[in-house]
Amino acid sequence: MSESFRYRATLAYVGTFFHGWQRQSNADRTVQAVVEKALHGLTGGSVIVHASGRTDTGVHADGQVIHFDLPRRWLPLDVREGVNSLLPWDARFLDVREAADVFHCRRDALWKEYLYRWSRAEVVSPKDSLFVTPIVPGAEPSLMARAVRNLPGDRDFSVFGVRLPRGDTGRRDLHAVAIMESGDEIRALFRGDGFLRGMVRSLCGVLADVARSKVPPERMEQLLATGDRKLLSPKAPACGLTLVRVAYPGNLP
């Protein structure tokens with residue numbers, strides 16, 4: 001059996017022009033595909049890249065964590081610089097390091113953080129427009145804070161998920177939710193051990209309607225108690241969502 005060397009990298013990307021993370025036969029421009037193509041260009045061989053989690057079309061990442069195996073040892077700096085020279089403008093390796101051969105970026109993750117951003121500005125600046133979702137100037141973050149007060153916990157979040165895999169109970173441990181203001185922006189930060197597909201955007205769709213007083217803050221608890229998807233608000237647009245960071249044993253903040 002040939003020897004291989006495992007590497008772990010922190011990857012940032014603008015999700016706007018990608019068809020999500022996962023390589024697809026009918027969509028060339030996915031994050032996984034362009035990273036694997038760059039690694040192939042650097043090493044001359046086929047390299048499979050694994051991610052801590054799959055982001056959907058239009059979702060960004062500041063701290064996606066990936067791992068991959070190379071057939072010979074490279075200096076991490078050479079991998080970072082070589083891959084970045086081959087990646088498109090909207091994806092970059094921020095950090096590369098050698099990893100134990102048993103390291104797995106998804107299974108070993110302790111928790112992940114996602115950030116959602118809304119803008120109450122009457123006109124959103126072009127430099128922000130790819131990363132925020134407009135919301136009415138009168139949107140009230142204190143109502144959002146009331147809505148998420150009892151949201152954290154180890155519970156069934158399947159009402160907020162999309163196409164759960166067979167056998168998935170929908171249980172996730174949501175550690176914390178914080179609602180913040182920064183100028184015209186309202187931000188929601190979610191930390192949990194894992195998230196269902198579409199979960200954060202579904203939560204944020206409800207939060208946006210709460211902030212606009214279209215639904216009461218108690219709507220979150222109603223959804224969790226009943227599982228009635230008819231009570232859901234439209235999912236929040238992907239552009240406002242960013243995977244901020246992933247924590248592992250030994251590198252907790």
Have a look at segment 1-41 and give its Rg and Dmax from the Cα atoms, expressed in angstrom. 12.5, 41
Note on segment 111-247: alpha-carbon gyration tensor, axes a ≥ b ≥ c; rule is a/c under 1.5 for rounded, else prolate if a/b larger than b/c, else oblate; result prolate
Simple label model, 7 Å out from Cα along Cβ direction - residue 222 to residue 155, nm: 1.5
Check the straight Cα-Cα distances from residue 112 and name the lysines below 27 Å, setting aside those fewer than 8 residues away within the same chain. 37, 127, 235
How big is the shadow of the Cα convex hull of segment 5-98, averaged over all directions, in nm²? 5.2
Taking residue 230 as the anchor, which lysines have their alpha carbon closer than 19 Å to its alpha carbon, excluding any fewer than eight residues away along the same chain? 214
Computed lengthening from residue 4 to residue 29, 0.36 nm per intervening residue step minus Cα-Cα distance: 6.2 nm
Checked segment 72-167 against the a/c 1.5 cut and the a/b vs b/c comparison, axes a ≥ b ≥ c from its Cα gyration tensor; verdict oblate
Using Cβ contacts closer than 10 Å as the measure, can you line up 244, 210, 49 from fewest to most? 244, 49, 210
Which label belongs to the value computed from this structure, given these candidates for mean projected area of the Cα convex hull in nm²: [x] 15.1; [y] 21.8; [z] 16.7? [x]
Using the count of nearby Cβ atoms within 10 Å as a rough guide to exposure, how do 180, 199 rank from fewest to most? 180, 199
Could you go through segment 177-184 in sequence order and give the Karplus-derived ³J(HN,Hα) for each residue, using 6.51 cos²θ - 1.76 cosθ + 1.60 with θ = phi - 60°, rounded to whole Hz, and x for Gly and Pro? 9, 10, 9, 10, 10, 8, x, 7
To the nearest 0.05, how large is the calculated FRET efficiency for residue 46 and residue 176 if R₀ is 30 Å and r is the Cβ-Cβ distance? 0.15
Would you compute, from DSSP H runs of 4+ residues alone, the mean residue ellipticity of the chain at 222 nm, taking -39500 (n - 2.57) per run and dividing by the full residue count, rounded to the nearest 500? -6000 deg cm²/dmol
How do 60, 67, 50 rank when sorted from fewest to most other Cβ atoms within 10 Å of their own Cβ? 50, 67, 60
Which residues does the label zone of residue 193 cover in segment 204-228, counting backbone N under 15 Å from a point 7 Å along Cα→Cβ? none
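FYI, it's all coordinate maths here, none of it is from the lab. Only a predicted model underlies this, so the values are computations on that prediction, with no experimental measurement involved. Using ideal geometry, Cβ is built from the backbone for each residue, glycine included, and neighbour counts are taken over all protein chains shown.
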